[in-house]
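Let me begin by presenting the structure, written as structure tokens, before commenting on it.
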Amino acid sequence: MEELADIQNLDVVGETKQYIVIKIGSEQYGIDINFVDNIVRNQRITRIPKAQSYFKGVINLRGEIIPVMSLRLKFELEPDEYTNATRIIIIKLEPQSAIGLIVDEVREVVTLGEEAIEKNTTADMSDAKSQYLSGIGKNGDSLISLLNIATVISEQ
């Protein structure tokens with residue numbers, strides 16, 4: 001109940017956004033909750049031949065075929081290690097297009113005000129990887145890299 005009261009108090013101070021905090025390796029990332037359609041446990045992924053290396057394949061989620069991609073491979077990290085905490089986050093940027101993102105762990109939902117977000121001012125914005133981040137969120141003592149989810153899932 002305390003958390004709910006805190007969230008309601010934040011509404012008065014400028015605009016706030018909610019992010020789902022995920023872990024990939026030892027890093028924390030935030031995904032704007034408005035784009036998250038569902039979070040599912042890891043399940044059997046059917047491979048697709050000749051797809052990008054970071055596309056793991058497709059899953060059948062209640063009759064809907066959803067492509068699944070590994071954020072670890074997209075970010076050029078070591079391959080996924082599947083554990084009980086591994087989840088697939090279903091992202092919908094548009095009503096009819098969904099994509100699944102494999103993450104090591106889903107941590108929590110945080111609400112960040114504008115004052116707690118440092119916009120991405122990376123010097124080299126031509127670098128595709130720097131465009132994956134929209135900013136850095138400060139949540140207590142921890143920092144959360146906020147993902148620009150449209151750039152992350154686009155095929156460049």
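Yes or no: region 96-103 includes at least one residue that is more than 15 Å from the chain's Cα centre (by Cα) and either at pLDDT below 95 or not aromatic (Phe, Trp, Tyr) (or both).
The answer is yes; a qualifying residue exists.
Suppose we filter 111, 83 for residues that are more than 16 Å from residue 153 (Cβ to Cβ), part of a strand (DSSP E or B), of a type in the set (S, T, N, Q) and at pLDDT below 95; which single one remains?
111
Considering only residues that are over 21 Å from residue 71 (Cβ atoms), of a type in the set (A, V, I, L, M) and touching a helix residue (DSSP H, G or I) at 6+ places or on another chain (Cβ under 9 Å), which ones fall in region 101-124?
Result: 123, single match.
Which residues, counting only those in region 67-80, are within 13 Å of residue 153 (Cα to Cα) and out of contact with any Pro (no Cβ under 8 Å at 6 or more places or on another chain)?
Across region 67-80, the qualifying residues are 67, 68, 69, 71, 74, 75.
Go through region 81-118 and give me each residue that's charged (D, E, K, R) and touching a residue at least 24 places away in the same chain (Cβ under 8 Å).
Matches in region 81-118: 87, 92, 104, 105, 107, 108, 114, 115.
Among the numbered criteria (1) within 19 Å of residue 148 (Cβ to Cβ); (2) outside any loop (DSSP other than H, G, I, E, B); (3) touching a helix residue (DSSP H, G or I) at 6+ places or on another chain (Cβ under 9 Å), which single criterion is violated by residue 98?
Status for residue 98: all satisfied but (3).
The values are calculated or read from the model by the stated rules, or taken from the named source; none is laboratory data. Just so it is clear, the structure is predicted and the values come from calculations on it, not from any experiment. FYI the Cβ positions are ideal-geometry reconstructions off the backbone, even for glycines, and counts take in every protein chain you see.
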